[in-house]
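Structure, as structure tokens:
Coordinate-derived values only; no laboratory data. Here the structure is a predicted model, which is why all the values come from computation and not from measurement. Virtual Cβ from ideal backbone geometry, glycine too; neighbours counted across all protein chains shown.
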């Protein structure tokens, strides 16, 4: 039997010809670093309802929050998770009130913060998973403040590393390489890779004896900052 008669055909073209003229296309981009959209937060809804005892105050140092109630007497189980939910916000005034409100609450919460930490994990995870540069930088700075806000806060975070550290592992080496240029984001502490490294080091320092092994499991390239 001749070669011609044995050659398979598909839709009028030989398979050999189709393969010869085929163009090899690589797989589509995974989009691991692509920003994820997020829905309007509950924080925005509560703010627009006027449920937060605060107002915007202007002075010669800029904007600040004027609290209408003694911040140390607030119900932290109610308010702190709501403010953390606002970490995803990027528009004014929601972004300002959420960010500044968190720092004010962490400054004055003391021992009331520790029992609320489990309620903060989902808002933290949601904020990091937006992959939005502004949101991630804000959240990393908040995490650093949270660890220092009260005794045992770092240790209380360790059980939740599996939920929040995958995004750390993904972005850990995402630093700008400008050669001899000046990266002004470093001065403003807006370099995600640097902030992640700082935060991991704080997790290790304040997370107790199990912190490093749990960090290393989720972020294999992390090296201990503790002296042996």
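Of everything in the stretch 87-96 that's surrounded by 18 or more Cβ atoms within 10 Å (Cβ to Cβ) and touching a helix residue (DSSP H, G or I) at 6+ places or on another chain (Cβ under 6 Å), which residue is nearest to residue 49 (Cα to Cα)?
Across the stretch 87-96, the extreme among qualifying residues is 94.
Name the residue that is surrounded by the fewest Cβ atoms within 10 Å (Cβ to Cβ), counting only residues in the stretch 64-82 that are under 13 Å from residue 102 (Cα atoms) and touching a strand residue (DSSP E or B) at 6+ places or on another chain (Cβ under 6 Å).
Selected residue: 64.
Which members of the stretch 110-119 meet the condition of being within 20 Å of residue 46 (Cα to Cα) and surrounded by fewer than 17 Cβ atoms within 10 Å (Cβ to Cβ)?
119, the sole residue that qualifies.
Please verify whether residue 130 is in a loop (DSSP other than H, G, I, E, B), farther than 29 Å from residue 205 by Cβ and in contact with a helix residue (DSSP H, G or I) (Cβ under 7 Å, 6 or more places away or on another chain), treating the condition exactly as stated.
The answer is no for residue 130.
Counting just the residues of the stretch 70-112 that are without any contact (Cβ under 8 Å) to a residue 24 or more places away in the chain and in a loop (DSSP other than H, G, I, E, B), which one comes out farthest from residue 143 (Cα to Cα)?
Of everything passing the filter in the stretch 70-112, 70 is farthest from residue 143 (Cα to Cα).
Does any residue of the stretch 98-109 turn out to be more than 28 Å from residue 174 (Cα to Cα), out of contact with any strand residue (DSSP E or B) (no Cβ under 7 Å at 6 or more places or on another chain) and surrounded by fewer than 13 Cβ atoms within 10 Å (Cβ to Cβ)?
yes
For the stretch 200-216, which residues satisfy the criterion of being assigned to a helix (DSSP H, G or I), over 17 Å from residue 142 (Cα atoms) and in contact (Cβ under 8 Å) with a residue 12 or more places away in the chain?
If the condition is that a residue be assigned to a helix (DSSP H, G or I), over 17 Å from residue 142 (Cα atoms) and in contact (Cβ under 8 Å) with a residue 12 or more places away in the chain, then 211, 212, 214, 215 are the ones that fit.
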